[in-house]
1. Per residue, how many Å² of accessible area does the chain show with a 1.4 Å probe?
2. How far is it, in nm, from the label point at Lys461 to the one at Ile140 when both lie 7 Å from their Cα along the line to the Cβ?
3. Identify all lysines with a Cα-Cα distance to Lys748 below 28 Å; exclude those on the same chain that are fewer than 8 residues away in sequence.
4. Suppose R0 equals 30 Å. What FRET efficiency, 1/(1 + (r/R0)^6) with r the Cβ-Cβ distance, do His46 and Thr639 give to the nearest 0.05?
5. Ordered by packing density, taken as the mean number of other Cβ atoms within 10 Å over each peptide's residues, highest first, how do 782-789, 146-153, 924-931, 161-168 rank?
6. Compute the helix-to-body angle for 183-194: its Cα long axis versus the longest principal axis of the chain, expressed 0 to 90° and rounded to tens.
7. Given the Cα-Cα distance of Val389 and Ser806 and 0.36 nm per residue of separation, how much length would full extension add, in nm?
8. What percent antiparallel are the DSSP beta bridges of the chain, to the nearest 5?
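The values are calculated or read from the model by the stated rules, or taken from the named source; none is laboratory data. All figures in this text were calculated on a predicted structure; none of them were measured in a lab. Neighbour counts are summed over all protein chains in view; Cβ atoms, including those assigned to glycine, are modelled from backbone coordinates with ideal geometry. Side chains are part of the model used for accessible areas, which takes the heavy atoms of the whole protein and leaves out ligands, DNA and RNA. Shrake-Rupley method; radii C 1.70, N 1.55, O 1.52, S 1.80 Å.
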Amino acid sequence: MYFIRLFTLSLFFLLFSFPSFAGRYDPKLQWKTITTEHFNINYPLHLQVTAEKAAGLFEEVHAKFSPELRWKPWGKTEVVLLDNTDEANGFATVLPYNWITLNVVAPRSESSLSYYDDWLRVLITHEYTHILHLDPARGIWKPFRLLFGKVVAPAGITPVWVKEGFATYEESSKSGFGRTYASLSEMIIRTSVVEGRFPGINQADGLSWEWPSYHVAYLFGSKFIQYLIHTYGEAKFLQFNHYTQHSLLLTMVNHQAKRVYGKSFLKLWKEWHATLEQKYAQEKENRGELTELSNVLTPKRHQQYKIPRLSPDGKKLVYAVFSPEHASQLHLLDLETGKTEALRKKQGAVALSWLNDGSGFIFSALASHKRYSSYYDLWEYNLTTKKVVRLTQGERAHDLALHPDGNQVLYVSGSAEKDVLKIYQRDKKEIKTLVDLSETRFSHPAWSPNGKTFVVTLHQKNELWKLFLFSAQGKQLKRLVKREGREEDAIWSADGKYLSYVSDETGIFNLYRLNVATGRVEQISNVMTGVFHPALQPNGEIIVQAYTAKGYQLKKIRFTKNRSFDQFRNSINRVTSEVLPGGSPAISGRAGTPQTAGPVTKEGFETGRYTVKDYNAFGKSLLLPRFIAPNVFYTGDTTIFSALTGGTDALRFHGWNGGVSYRLDAQHLGYFGTYVYNRYRPAVGMGVNDGVVNYGNLTFLTQDSNNNLVRRTVRYFEERRSGYGFLSFPFGRHAVSTSFFYEDRFPKTSLSAAESALLNLGIFSGFRFVYAYGDAEEYPASISLQGGRSVRFFTSITDKALGSASGNEQTIFVGDWREYLHLGRRHVLAFRGAGGMTRGDRLIQGTFSLGGALGEGSMAGGGSFFYFPLRGLPTASFSRTRAMLFSSEYRFPLTSPQRGLGTAPIFLKNLHGAFFADYGNAFNAHEGGSDKFSTFFDNFFLGVGSELRADFIVGYGLPIVGRVGYALIVLNRDRLGNLTDDTLGTSAKNGVLLLQVGTSF
């Protein structure tokens, strides 16, 4: 996968959160399948050519890699090809079966993925390496694989840098391209060494939210593996992989390293770091005097600044802002006063171009398109009105340049197969195609000052990101520079005689200047890091997007009389412009006349080579269970064991799961099962469930045979056996669902006939309705949801006419409203108001449980509509037919270690704290003054306390929030009676120890 991969239980259960896939793909798509010896290639019809090429590449990669890694996967690997996003990406998992998803669009030139000759080959190599690396279960694990199936994948419990680093190394070593060899990768690693911010191996999994974040696992991981292979040989690293695939010592990779290398990875990482320090120190010395860069603006905490664009008068600068603490933004800097203004607080950009009169600018940003896709489009921002207008819909426009006439916007329009250059006419709001070349990618177009020509960076298999000159009509073509390295980010001088551009021809991204007439090229910067996106000021200074170990910042270069362009080293006059006629080997296709892909062959892969069938979801992937997943869950007062299996087709149109559970305190063996159909919206499904509800302590008052009153208090567990069908419809930030259920309730706790007669038992049947809305924000550095709200409403109706037993006719209403106020610098005020009530027949054992601190989220036990956590009370202290809860918290960061324990499977991201107050009560109608407002709150509990919280990542990918704290009831403490702390067993009147997993709310 090209971004962080979680081969953990969190991923596993994500795959079986079926409603989240509801209507994921456009229902108009016609899905097809190509079946080869080892793969099923599933794709929408418009990707036919790409699918046939992918089929050949997958078999080619399998033939090469399977013997090398000594593993042949059982069955066919399911592959899904997608083109519904402009973000190049890929994903591979071995759960519940070998499954790969490829977003086949090629990466933009700024991406760390952009060093490729054949993007599809690089992508397939990376993802299939994951399958061959993670799927094996050797040695002692073989019988466990036979017993539990695909859930047994020991190599999956290895550090992220091992998994992603190895796949990234393979994508490069087998192709000669890829991230291991990319100048962008080298820049990130080199700068971390030069600026003293080289990550330790306890940060190598890329789990930190600080830059370079997830890049560490891919780039540093692959470079480290490259060092190990070049120093100690490839055989040793493959041996290490084999050890992790058959050893019982899961996660103990240092033990395996010592077996193979005679030393731990901790020592090997330090050795690698030492060689890099020596290498870059020598390189810095060889480069001589370096260009001095100064800040254009003082960087704010954790922010990065990109794409600086000067206004026509040179007085203002618009740029994009990226941060792990907030959404991407667009800012404006007044270069005369130094004041900055946030223009767009929740929208960034990947390209910007000023309007000629300086009244605004046009930019490209990612946005939803027709619900099912996420594409780049053109937008226009007006500085006077502060309003933005979307100019295009679904044009996949990711780079742009405004013509000097102020009307024509030249932009790059992408697709799975290629890019084309188009013109958007602002006055007519019309679009026309200008240049369409076969198998070509474009980036960073720039009009000449007179508008008669433009330059653009072009990528083809034999021309990787090179500068070309086109006429305004797109009919003429000239190769501008013929040298090593990439050429991009070109800008014209005001007189049109020179082009300044960025190149990595020396291995480092520096600025160069080209004399368009003579072809003379001179290097005009000499940095050890990297500079991009130059913007030439009227005073001769150049503002650049400069790379630092903390990310990208805006810097400026000032050229004095003693340091002119011509005085920089590497001035070269050996290149002349070369005019290439259309159709020459350098360019396929002819500019000015839109071309189609045309040929019957595509890079050696014949079209029509494979049999194509309609996609069929009802195959082994759906119907044949491949795993049994055991799980252990602690609720805070008991332990629940479970085992799960299931299946889903490759496109997640259908899915099912089923399993058994055992609750320790109730000694109950239950079961569950669900089927969901997800192709359209709404998702539809059905299921069965048998489980136990813990009502806490119930006191029964009955008469014995002698008519004496008998009082008995028991811990009451109630078994519920149900079947249900449902509809679920997510739309935007909203979601609604409805279900019909038929449920039989009976005591699990041993009760007398008289005691059972006091309870509402038997059949409950009816409808449930749920509405949910959420716009609360959360970012990589957040310690909490922030800046928004979460709203949920629930209604349940049971009636005799719907199948309920007499006495079990109820209407239940629940509402839950949460607000999150961001105070800045990750501080948050959080508020919650929740309540539930039951109308109709009274449920003697209660409907709602109050008390405890069960959390929400991964591995947590809270979140039910019927559970109201009030800290200071033991779990489920009170069960009644009505409940109300108000909670408030002040959440504040303490520190962010962002470190692991060496290579151990635990990573600590953040430590933060909270002061809280919970105010609530559970009660029955007409009870305790609840009928009058003046006495309604008399019996409400107030619990106050504090918590220390930690954001962990365990198992190299599963995020968990841990909470430890203390809560004390300070209002109506006398109502606690003999309640005791669940953990300590002491009186709850002295306070309650909080020890929980999951967020509070």
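1. Details: 40050 Å² over 1001 residues.
Result: 40 Å² of accessible area for each residue.
2. 4.9 nm
3. Lys800
4. Details: r = 51 Å, r/R0 = 1.70.
Between His46 and Thr639 the formula returns 0.05.
5. On the way: 782-789: 21.4, 146-153: 17.5, 924-931: 13.8, 161-168: 27.9.
So the peptides 782-789, 146-153, 924-931, 161-168, ranked by packing, come out 161-168, 782-789, 146-153, 924-931.
6. 80 degrees
7. Details: separation 417, 0.36 × 417 = 150.12 nm, distance 5.95 nm.
Fully extending the segment from Val389 to Ser806 adds 144.2 nm.
8. Details: 286 of 298 bridges.
Taking every DSSP beta bridge with both residues in the chain, the antiparallel ones total about 95 percent.
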